[in-house]
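One structure below.
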Amino acid sequence: MKLNNFHLSRLRNDEHFQFLTELRDAIVRFGAPALKIEAQYNEWLPVYAQEDEALKKIMKSAITAEIQAADQRRDQLFRGMVDVSRSALNHFRPDVQEAARRLKILFDTYGNVAQKPLNEQTSAVYNLLQDIKDKFAAEAQQVAITDWAAELETANQAFASLMKDRYEESAMKTDLVLRQVRLRADELYRLIIERINALVVVEGAEPYAGFIRFWNTVIARYATIVAQRTGRKKNG
């Protein structure tokens, strides 16, 4: 058992920061002392904060009236979809109630993605919709949110496209700083992964198994995002 390799350079800036945010949360959850990575984590954490700051500068310059309108549209669709699903908890048909109950668990897991920062919301909506289209497709059909999900996907893609266009216009001023911070963050990330894998060899997998299983799942999710994007480019 070991942590899988993953090339962070393939991630877009918002994806990269969200990946690191999930890493931070995972280390807090499992405990840096328990994972024996306190020194590596403490060295990485300020670099994570620097990336956050660099990305915020880019994002701040990117917020236009058009982008705000697109974000509001996306938020409205998300809340509408959740409301329709939750209203089905009171449906007269037990099977629809059960489907709504399962969807409520999914929505509760993701939380109110409309309240997330812009650089996190796009990825969160994308991941939620992938679950709805895949694992919860039958439930979505039963409670009649399939069309809502399709409209939300369109709105999410439109928002991401606007952000990309605006980023390309404004990012040159801070892009070099962000690139440098990303490279350093990637380097320190690799040191964390290498240390845990080395500890597994020396001490056995048991003390690290929970973290490894969890983090490999996160890696697989981001690898899928990259693969799907690459596939779309090839097909285009």
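The values are calculated or read from the model by the stated rules, or taken from the named source; none is laboratory data. Just so we're clear, the structure is a prediction, and the values are computed from it rather than from any experiment. Positions of Cβ are generated from backbone atoms using ideal geometry, with glycine treated the same way; all protein chains shown enter the neighbour counts.
In the set Lys104, Lys173, which member is more than 23 Å from Arg229 (Cα to Cα) and at pLDDT 95 or above?
On the way: Lys173 fails: at pLDDT 95 or above.
Sole residue among the options that is more than 23 Å from Arg229 (Cα to Cα) and at pLDDT 95 or above: Lys104.
Hey, among Arg86, Arg24, which residue is touching a residue at least 24 places away in the same chain (Cβ under 8 Å) and either assigned by TED's automatic domain parsing to the domain that holds Phe211 or surrounded by 14 or more Cβ atoms within 10 Å (Cβ to Cβ) (or both)? Before the answer, list the steps.
Details: Arg86 fails: touching a residue at least 24 places away in the same chain (Cβ under 8 Å).
Testing whether each residue is touching a residue at least 24 places away in the same chain (Cβ under 8 Å) and either assigned by TED's automatic domain parsing to the domain that holds Phe211 or surrounded by 14 or more Cβ atoms within 10 Å (Cβ to Cβ) (or both) leaves just Arg24.
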**Message:** It is to be established whether one or more residues within region 120-139 are loosely packed, with under 13 Cβ neighbours inside 10 Å, over 25 Å from Thr224 (Cα atoms) and out of contact with any strand residue (DSSP E or B) (no Cβ under 8 Å at 6 or more places or on another chain).
**Reply:** no
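From the list Phe6, Phe17, pick out the single residue that is assigned to a loop (DSSP other than H, G, I, E, B) and either surrounded by 13 or more Cβ atoms within 10 Å (Cβ to Cβ) or at positive phi (or both).
Numbers: Phe17 fails: assigned to a loop (DSSP other than H, G, I, E, B).
Testing whether each residue is assigned to a loop (DSSP other than H, G, I, E, B) and either surrounded by 13 or more Cβ atoms within 10 Å (Cβ to Cβ) or at positive phi (or both) leaves just Phe6.
To keep it simple, each residue is scored yes or no on (1) outside the structural domain of Leu77 (by TED's automatic domain parsing); (2) over 17 Å from Val218 (Cα atoms); (3) among the polar types (S, T, N, Q); (4) part of a helix (DSSP H, G or I).
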position: Ile105; (1), (2), (3), (4): no, yes, no, yes
position: Val125; (1), (2), (3), (4): no, no, no, yes
position: Ala140; (1), (2), (3), (4): no, yes, no, yes
position: Ala150; (1), (2), (3), (4): no, yes, no, yes
position: Glu153; (1), (2), (3), (4): no, yes, no, yes
position: Asn156; (1), (2), (3), (4): no, yes, yes, yes
**Message:** Return the pair list, or none, for Cβ contacts closer than 8 Å from residues in region 198-210 that are within 18 Å of Leu23 (Cβ to Cβ) to residues that are charged (D, E, K, R), at least 6 apart or on different chains.
**Reply:** Leu199/Lys36; Val200/Lys2
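Determine which member of the set Val181, Val200 is β-branched (Val, Ile, Thr), in contact with a Phe, Trp or Tyr (Cβ under 8 Å, 6 or more places away or on another chain), in a helix (DSSP H, G or I) and within 30 Å of Gly31 (Cα to Cα). It would help to see each step written out before you state the result.
On the way: Val181 fails: in contact with a Phe, Trp or Tyr (Cβ under 8 Å, 6 or more places away or on another chain).
One residue alone meets the criteria, Val200.
Which residue out of Leu129, Leu77, Leu152, Leu162 is under 15 Å from the mean Cα position of the chain (by Cα) and either on the phi < 0 side of the Ramachandran plot or free of Cβ contacts under 8 Å to residues at least 40 places away in the same chain (or both)?
Values: Leu77 fails: under 15 Å from the mean Cα position of the chain (by Cα); Leu152 fails: under 15 Å from the mean Cα position of the chain (by Cα); Leu162 fails: under 15 Å from the mean Cα position of the chain (by Cα).
The conditions single out Leu129.
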